[in-house]
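Comments concern the structure below.
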Amino acid sequence: MKRSPGAWEWDIKRLGASLVLAGRDRSFSRTLANQAVRAAAASYREQMSEFAEMKVLDTWYARVTIDDLKKHFRKDPDMSARLSKKQKQALSQNSEAVVPKLTTVVDGRRQIQDNPPVLYHFQEYAQNFQKGHAKFLDDYKNSLQIDRQRLFDRYRFEDSAIKVVGVGSVGTRCHLGLFLADEDDPLFLQVKEARRSVLEPPRGKSRYAHQGFRVAEGIRVMQGATDIFLGWARTKNHHYYLRQFRDMKVSAEVETFRPSTLVGYATMCGWALARAHAKAGDAAMIAGYLGSSERFDDALAQYSEAYADQAEVDYETFRKAIRSGRLSTEPAKGAGLEFLL
C-alpha cells in the first residue's frame with residue numbers, strides 16, 4: 001500500500017495564511033500579522049536546523065512538551081498563564097469527564113443524549129448500525145496493535161449517534177460511539193469518514209485499499225504521541241478511521257488572543273510543525289533548502305498575505321452563492337442515514 005505525501009511547504013504556507021486570517025479576525029494590524037508569520041517561519045527554520053543535526057532515532061522520539069513551552073515562554077506572563085491553564089484543562093479532557101454532559105440513563109441503560117443539531121440519533125441509522133456493528137467493530141479491533149486489542153475487549157458497545165463535525169470535515173460522515181467497561185468506566189470513540197486523498201484523481205480506482213488506513217498511518221507518522229485507540233474500519237461503501245473523542249486534547253482560544261499572544265502561538269506552531277516534518281521527512285534536506293538567513297521568512301510573509309486575501313475573496317464568493325440560492329445549505333434528503341450502506 002503506497003503513500004502519496006504532500007509537499008512539506010504546503011503545511012507551512014497554510015500555517016502562514018491562517019495566522020494572517022487570525023490577526024485580521026482579531027482586528028490586529030497588518031504589521032502584527034506579518035510579525036506572527038515571520039515568527040512561525042523563523043521558529044520552523046531554526047528548529048529544523050537543530051533536527052537536521054540530530055541522530056535519526058533522536059529525531060523520531062523528539063517531543064515538544066508542555067515543559068519545553070513553559071521554559072521557552074517563561075518571560076511572557078500571558079503565554080505562561082495560558083499554558084498552565086491549558087495543562088490543567090487537558091487533564092480533565094477524557095471520556096469519564098464528559099459522561100455527565102453527553103449521556104443520560106434511559107430504562108436503566110446509559111445512552112448518548114440527543115443535542116440537535118450537533119449530536120442526535122436517527123431511527124433508520126440505529127437500525128442499520130445494529131445490523132452491522134459487530135463486523136465493523138471487529139474490523140476496527142483488528143487494526144489495533146495486539147495489546148490494544150486486548151484493552152478494547154474490555155469494553156462493550158453501548159450506543160452510537162451522529163455527531164456534526166468541524167469545519168475541516170464538513171460533508172463527511174461522523175459518529176460518536178459509547179463503550180463501557182463498567183457503568184462508571186466509559187470510552188468514547190469518534191468514527192470519522194476517510195475519503196480518497198485530494199492528491200489522487202477524483203475518478204477511477206484509488207491506489208489505496210483503505211482510506212482509513214491511509215489517514216491513520218499519516219497521523220502516526222506526523223504526531224509525537226498518537227492516540228492508543230487510533231484505528232480504521234470499513235462498511236460496504238465507506239471507509240472510516242476511529243480515535244478517542246476526548247484524549248486530553250485542548251485547543252487554542254484564538255478569539256481571546258492579544259497581539260503578543262498570536263506571535264507566541266505562531267512560534268509554538270512553527271516549532272511543532274518542524275518536529276512533525278523532521279520525523280516524517282528529511283530534516284537535513286529541508287534545513288539545507290531554508291538556509292540560515294531570513295529570506296524564507298520574508299517570502300512566507302509575502303505569500304501568506306496574498307493567500308489570506310484569496311481566502312477572503314473565495315469566502316465572499318461562497319456567501320454570495322448561498323444568498324442568491326445558487327448554492328443550497330439544506331441537507332440532502334436522507335443525509336446521515338446510510339452509515340452501513
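Just one of the listed residues (D58, D107) is farther than 17 Å from G264 by Cα, without any contact (Cβ under 8 Å) to a residue 12 or more places away in the chain, assigned by TED's automatic domain parsing to the domain that holds G270 and out of contact with any Gly (no Cβ under 9 Å at 6 or more places or on another chain), and it is D58.
Name, by its number, the condition in (1) over 15 Å from A287 (Cβ atoms); (2) at pLDDT 95 or above; (3) not hydrophobic (A, V, I, L, M, F, W, C) that does not hold for D68. Result: D68 passes all but (2).
Taking the criterion of being in a strand (DSSP E or B), touching a residue at least 60 places away in the same chain (Cβ under 8 Å) and out of contact with any Ser or Thr (no Cβ under 6 Å at 6 or more places or on another chain), the residues of region 224-241 that qualify are A233, R234, Y240. Residue pairs whose Cβ atoms lie under 8 Å apart, sitting 6 or more positions apart in sequence or on different chains, and linking a residue in region 252-268 that is under 15 Å from G16 (Cα atoms) to a partner that is among the β-branched types (V, I, T) and not in a helix (DSSP H, G or I), are M268/V64. When restricted to residues that are more than 15 Å from F157 (Cα to Cα) and in contact with a strand residue (DSSP E or B) (Cβ under 7 Å, 6 or more places away or on another chain), region 100-113 contains 3.
Yes or no, residue by residue, for (1) in contact with a Gly (Cβ under 8 Å, 6 or more places away or on another chain); (2) closer than 30 Å to A278 by Cβ:
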| site | (1), (2) |
| --- | --- |
| Y120 | no, no |
| D138 | no, no |
| Q145 | no, yes |
| R156 | no, no |
| L176 | no, no |
| V191 | yes, no |
| S197 | no, yes |
| G204 | no, no |
| G218 | no, yes |
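Of all residues in region 162-199, those that are in contact with an Asp or Glu (Cβ under 7 Å, 6 or more places away or on another chain) and surrounded by 20 or more Cβ atoms within 10 Å (Cβ to Cβ) total 5. Going by the structure shown, is Y208 crowded, with 18+ Cβ neighbours inside 10 Å and in a loop (DSSP other than H, G, I, E, B)? It is true that Y208 is crowded, with 18+ Cβ neighbours inside 10 Å and in a loop (DSSP other than H, G, I, E, B). When restricted to residues that are within 15 Å of the chain's Cα centre (by Cα), among the polar types (S, T, N, Q) and in a strand (DSSP E or B), region 154-199 contains 1. With a requirement of 3 or more residues that are aliphatic (A, V, I, L, M), the helices (runs of 4 or more DSSP H) lying completely within region 1-78 that satisfy it span 8-25, 30-52. Among the numbered conditions (1) closer than 30 Å to A280 by Cα; (2) at pLDDT below 95; (3) not in a helix (DSSP H, G or I), tell me where Q111 comes up short. Every condition holds for Q111 apart from (1). Of everything in region 25-57 that is under 13 Å from A284 (Cβ atoms) and in contact with a helix residue (DSSP H, G or I) (Cβ under 9 Å, 6 or more places away or on another chain), the residue that is surrounded by the fewest Cβ atoms within 10 Å (Cβ to Cβ) is E53.
Scanning region 132-146 for residues that are surrounded by fewer than 17 Cβ atoms within 10 Å (Cβ to Cβ) and more than 20 Å from R234 (Cβ to Cβ) turns up at least one hit. Of all residues in region 271-312, those satisfying the criterion of being of a type in the set (F, W, Y) and in contact (Cβ under 8 Å) with a residue 24 or more places away in the chain are W271, F296, Y303, Y307. Based on this model, can you work out whether Q89 counts as closer than 30 Å to A181 by Cβ and either in the same structural domain as L300 (by TED's automatic domain parsing) or part of a helix (DSSP H, G or I) (or both)? Judged against the criteria, Q89 is a match.
The values are calculated or read from the model by the stated rules, or taken from the named source; none is laboratory data. If you're wondering where the values come from, they're calculated on a predicted model, not measured in any experiment. All Cβ positions, even for glycine, are placed from backbone atoms using ideal geometry, and neighbour counts span all protein chains on display.
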